[in-house]
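Following: one structure in structure tokens, then a few remarks.
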Amino acid sequence: MGEIVVYVKDLRKVYRRALGAAGLSGAAKGLFKRQVEEVTALKGVSFEVREGEILGYIGPNGAGKTTTLKILAGVLFPTAGEVRVLGYVPWRRQRAFLKGISFVMSGRGLLEEITWDLPVLDGFLLIKDLYGLSDREFQSALGELVDLFELSELLKAPLRQLSHGQRARVELAAALLWRPRLLLLDEPTLGLDLMSQAALRGFVREYVKRTGAACIVTSHYTRDIEDLADRVLLLDHGEFVAEGSPQELVRKLSGMRRLRVAFEREVAAEELEALGEVVELDGAQAVFRVSAGQAKELVQALFARFPIHDFTLEEPDLEEALRIYFEEAG
Amino acid sequence: MRLRPYLRALQVQTQVTLRYRGNVFAFLSYVLIPPLAVFFLWRAVLGGERALGGYDLSTMVTYYIVTQYFVANTAFSAWTDIGEEIRDGRLTLWLLRPASHYGLYFARNIGGWIPYWIAGLLGAAAVAGILHRYFLLPQEPWRIPMAVGFWLLGVVLAFTWGYILNLLSFWTERSTGIVLMADAAAVFLAGGFVPLDILPLKEIWLLLPFRFAGWFPTQIYLGRVGFAELPRELGLLLGWLLTFLVLQKLIWRLGLRRYQGAGG
């Protein structure tokens, strides 16, 4: 593993949030007196990310994922804690720091803000000058990214005439033009079709492989995390509840397996439910949820009572493991 | 300071404005109609040999044509987008860039206005042509570039003022109302409605910096300010500008600590 790119220790963030009563009278009262509450978004998290590593940063809505990324990008000030990104204190927003990072937010991009009506290339030229790239650096990076993202036919088209998926590719290419050493991706595949999601994941993997950059990715699509992340941090209510590779995380979060059984005839639900927890039943096909220790017992019981054509024991995927975890955590 | 990012931002915004050429031509009405409208009013007031505060009909007509060009082409409210960006979190997109937010927005502001400035010149020339019997050219040619120079500094001053007002969104969540109200007041205080020196309490209006975006450059054009007074006025203008710039920097720093980066 390479050098530490992100160092976070005991990071806390408390927001003040204005509360408003509903209705017209509530709005009128709010003119004179406004209630404020404090919300703790991060409760003292610590972690590191190294060069060439892709960290999956996951958790339910409101867990504190985007807040963390915004602090790492220098957009928000933390309430307490120590943070170093590329050796800099992010919220000082020094030029060399800002040139080393890139923060991609779903549905939001600088090019859409400024160059919506202009050809894509104009947006790239703006990025070139913002980041002080020489003509040579720009041409080299542009050539590489145009190939990687298949943009050659889009460069002269106005941004507003592109599809959502094409714009996402353009914004991601724009976010990589200055070859950032840290890539912060917040829900990068949100709203994209399956093909575009897969392509985008491929681009990110390829970029990290080629450049050795570090990457932190948040996503509600667990497929993104399974495909991309070397390591995953699971955040809930502002603190970490699990850490490991996607496979380790599944094992830690859920000891449950799925037993898929193909019977030789249709079976009644009541007959199966007497033996275990049935998750799915479709004619002669059934899926049981079973703990690792009970699987053998259940298989023997099924063989003793039913003619069985085939069976498989499956580990749950990350999505299911997370669902089980959060259901059990309440 | 690297200029390239700002020059590119200026160029990009000029391109964006040119995409909406209909708006640029529609803007001509701002420069054309008010001087024509007030002409009839002031002809009734100043007809014959009458004068008010040293303004006869020709001076008054010329004042309105020149001032209207300056004031209509000055963005006293900077850009209400700035306040909205703070509120809805789009400011984040700018904070990530290795360049000054004020600088980029100033460049974009100027870039966006350049086509209007050019179109406005055509409009002002047209109205001057229509009212050619009354329109005065300065007796000393240096007065035109000098007036434009003062006005351009006034544009920077007005932008910075509007930018500061927009930054109030860090505290008020929505500053658009304040900004637009202050915009209307600034047009008045720049002499856009009535020459400031014929107003009651003129000492107060002339003490404020807004006059540099309209009234004062027009006074230079009309020959109502002598060359000897210009260094002192320039000093005053730069003093105001420096004050606004320091204030802008301070409010920006304080505001960023409160920024919550909504959304995402």
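Only the coordinates and a few stated rules stand behind these numbers; no lab work does. If you're wondering where the values come from, they're calculated on a predicted model, not measured in any experiment. Here the Cβ is made from the backbone with ideal geometry for all residues, glycine too, and neighbour counts use every protein chain on show.
Projected label points at B:LEU121 and B:ARG257, each 7 Å from Cα along the beta carbon direction, are separated by 4.7 nanometres.
Taken along its principal axes, the alpha carbon cloud of chain B reaches lengths of 66, 40, 33 Å, longest axis first. The gain in end-to-end length when the A:TRP116 to A:GLU327 segment is fully stretched comes to 71.7 nm, 0.36 nm per residue minus the alpha carbon separation. Within region A:62-183, the percentage of alpha carbon pairs spaced more than 22 angstrom apart rounds to 38%.
Ignoring aspartates and glutamates fewer than eight residues from A:LYS156 along the same chain, the ones with Cα atoms less than 14 angstrom from its Cα are A:ASP117, A:ASP122.
To the nearest 10 degrees, how steeply does helix B:230-258 sit against the main Cα axis of chain B, on a 0 to 90 scale? In chain B, helix B:230-258 runs at an angle near 30 degrees to the longest axis. Were the residues from A:ALA96 through A:GLU51 laid out at 0.36 nm apart, the gain over their Cα-Cα distance would be 14.5 nm. Normalised by residue number, the volume inside the convex hull of the Cα atoms of the protein assembly as shown is 214 Å³ per residue. On the principal axes of its alpha carbon atoms, region B:20-108 extends 62, 30, 20 Å, with the longest extent given first.
Projected label points at A:ALA18 and A:LEU190, each 7 Å from Cα along the beta carbon direction, are separated by 2.3 nanometres. Spacing of the modelled spin labels on B:ALA26 and B:ILE144, each 7 Å from Cα toward Cβ, amounts to 3.1 nm. Extents of region A:150-265, taken as max minus min of Cα coordinates on every principal axis and listed largest first, are 58, 43, 29 Å. Report, to the nearest 10°, how far helix A:120-130 tilts away from the longest principal axis of the Cα atoms in chain A, using its own Cα long axis and a range of 0 to 90°. On a 0 to 90 degree scale, this one is about 60. Computed from Cα positions, the angle between helix A:164-176 and the longest principal axis of chain A comes to roughly 60 degrees.
Pairs of alpha carbons in region B:185-264 separated by more than 17 Å make up 58% of all such pairs. The mean of 1/r over all pairs of different alpha-carbon atoms in region B:102-158, once inverted, gives a Kirkwood hydrodynamic radius of 13.3 Å. Listed here are the pairs A:LYS99/A:LYS128; A:LYS99/B:LYS249; A:LYS9/A:LYS65; A:LYS13/A:LYS252; A:LYS9/A:LYS70; which of them are more than 19 Å apart at the Cα? As for pairs spanning more than 19 Å Cα to Cα, those are A:LYS99/B:LYS249; A:LYS13/A:LYS252.
Under conditions of 10 °C and 1.306 mPa s, region A:193-330 yields 91 µm² s⁻¹ as its translational diffusion coefficient, taking Rh as the Kirkwood radius over Cα pairs in the Stokes-Einstein equation. Here the residues B:VAL45, A:VAL85, ranked from fewest to most Cβ neighbours within 10 Å of their Cβ, fall in the order B:VAL45, A:VAL85. If only the Cβ of Lys and Arg carry +1 and only the Cβ of Asp and Glu carry -1, the dipole of the protein assembly as shown around its Cα centre is close to 2780 debye.
Between B:ALA44 and B:LEU7, the FRET efficiency from the beta-carbon distance, with R0 = 56 Å, is close to 0.70. Per residue of B:64-73, other chain Cβ atoms within 10 Å of the residue Cβ number 0 on average. Within region A:243-285, name every residue whose backbone N is under 20 Å away from a label modeled 7 Å from Cα of A:HIS309 along the Cβ vector. Counting only backbone N, you get A:259-273, A:279-285. For the pair A:ARG34 and A:VAL89, the difference between a 0.36 nm per residue extended length and the Cα-Cα distance amounts to 16.4 nm. With the Kirkwood sum run over all distinct C-alpha pairs, region A:254-329 has a hydrodynamic radius of 12.8 Å.
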